[in-house]
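Shown next, in structure tokens, is the structure this report addresses.
The values are calculated or read from the model by the stated rules, or taken from the named source; none is laboratory data. Remember, predicted model here, so these are calculated numbers, not experimental data. Neighbour counts are summed over all protein chains in view; Cβ atoms, including those assigned to glycine, are modelled from backbone coordinates with ideal geometry.
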């Protein structure tokens, strides 16, 4: 992907790095992250470091799912922590890595000239529990979906 991007514009310095250690204060006009930061631990230090990488007149914009209050995310987390799944070390691969809007506000407001935070809830109507598993198998269950067997049940979830 980076090689293809380099071919489209020689005026841009395309680089590969590790966002967990990357640090270039006061360098960028814009940092934008869409549905990616939720996979990274330690959001307080991460978001502060990313905000500090933006120039005083720049923008740090990010979007991520509100996993902290989603029943499916909580169910995945609970299963990953359950004794039956401990041998599979699912909690090493899956944990809730998002926080409330208020926590992000508390971390970033002292560092920002202006801060806008909002939350949007998207509802997905899915036919049954298998459809829910299929939907989440591309994200939160991606690392474990190959090892999960789902049986039929008449219970509603």
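Does at least one position in region 66-74 carry a residue that is surrounded by 12 or more Cβ atoms within 10 Å (Cβ to Cβ) and over 20 Å from the mean Cα position of the chain (by Cα)?
No, there is no match, as no residue in region 66-74 is surrounded by 12 or more Cβ atoms within 10 Å (Cβ to Cβ) and over 20 Å from the mean Cα position of the chain (by Cα).
Got at least one residue in region 84-99 being modelled with pLDDT of 85 or more, in contact with a helix residue (DSSP H, G or I) (Cβ under 8 Å, 6 or more places away or on another chain) and outside any helix (DSSP H, G or I)?
yes
Checking residue 47 against (1) surrounded by 13 or more Cβ atoms within 10 Å (Cβ to Cβ); (2) under 23 Å from residue 135 (Cβ atoms), which single condition isn't satisfied?
(2)
If we keep just the residues of region 44-65 that are in contact (Cβ under 8 Å) with a residue 12 or more places away in the chain and under 12 Å from residue 19 (Cβ atoms), which is nearest to the chain's Cα centre (by Cα)?
It comes out as 62.
Which residue out of 33, 61 is in contact with a strand residue (DSSP E or B) (Cβ under 7 Å, 6 or more places away or on another chain), outside any helix (DSSP H, G or I) and crowded, with 16+ Cβ neighbours inside 10 Å?
33
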